[in-house]
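Asks: First, the structure itself, so that you have it in front of you.
The values are calculated or read from the model by the stated rules, or taken from the named source; none is laboratory data. Note that this is a predicted model, so its numbers are computed, not measured. Positions of Cβ are generated from backbone atoms using ideal geometry, with glycine treated the same way; all protein chains shown enter the neighbour counts.
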Amino acid sequence: MIFETHVTHIGPEAEMFRQEKMLILFGNDAPETLADYCYNIQLSPSTDEIIAGMEFFFDDQSYKITAVGDVVKKNLDDLGHITLRFDGSETAELPGTLYVEDKELPTITIGTKIMIK
């Protein structure tokens, strides 16, 4: 396990990006301009590099990581902020985005456990 946290709050517009197969995670200190669009998480540093081939979990729902943007680890550790794209891309087009396999997006509620292994 290299990362573990949980969802503490869900912004009223967080579901808006599901149609685009995207979710935005941000620590509890999300800027006011972004807070409505985020799933807030408890800030928790990762313990190792995040690389393609690892698994990203929402509770028991698992997604294979297919590509990792250059600043994903730094942003996740410092801000709790990354964008997740569920499109299976094997090339990271955006530096703060973590790409996972293209399958149905997870059900997320307050308390949902998020892990990377």
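Asks: Among the residues of the range 45-64, what is the count of those that are assigned to a loop (DSSP other than H, G, I, E, B), modelled with pLDDT of 95 or more and surrounded by 12 or more Cβ atoms within 10 Å (Cβ to Cβ)?
Replies: 6
Asks: Filter the range 18-39 down to residues that are in contact (Cβ under 8 Å) with a residue 40 or more places away in the chain and polar (S, T, N, Q), then give me how many there are.
Replies: Of the residues in that region, 1 qualify.
Asks: Among the numbered conditions (1) at pLDDT below 95; (2) of a type in the set (S, T, Y); (3) surrounded by 20 or more Cβ atoms within 10 Å (Cβ to Cβ), tell me where T33 comes up short.
Replies: (3)
Asks: I'd like the residue in the range 103-117 that is out of contact with any His (no Cβ under 7 Å at 6 or more places or on another chain) and either among the hydroxyl-bearing types (S, T, Y) or surrounded by fewer than 15 Cβ atoms within 10 Å (Cβ to Cβ) (or both) and, out of all such residues, is farthest from F56 (Cα to Cα).
Replies: T109
Asks: Of the residues L105, L94, L84, only one is touching a strand residue (DSSP E or B) at 6+ places or on another chain (Cβ under 6 Å) and either aliphatic (A, V, I, L, M) or over 18 Å from T8 (Cβ atoms) (or both); which?
Replies: L84
Asks: Within the range 87-102, how many residues are in contact with an Asp or Glu (Cβ under 7 Å, 6 or more places away or on another chain), of a type in the set (S, T, Y) and surrounded by fewer than 21 Cβ atoms within 10 Å (Cβ to Cβ)?
Replies: Final tally of qualifying residues: 0.
Asks: Does the range 89-108 contain at least one residue that is closer than 18 Å to L34 by Cα and among the small types (G, A, S)?
Replies: Yes, because at least one residue in the range 89-108 is closer than 18 Å to L34 by Cα and among the small types (G, A, S).
Asks: Let me ask something additional. Condition first: surrounded by fewer than 16 Cβ atoms within 10 Å (Cβ to Cβ) and farther than 20 Å from L43 by Cβ. Now tell me which residues in the range 65-86 satisfy that.
Replies: Listed by number, the list holds a single entry, D70.
Asks: I would also like to ask the following. Within the range 11-21, is even one residue of a type outside the set (F, W, Y), surrounded by 13 or more Cβ atoms within 10 Å (Cβ to Cβ) and part of a strand (DSSP E or B)?
Replies: No, that holds for no residue.
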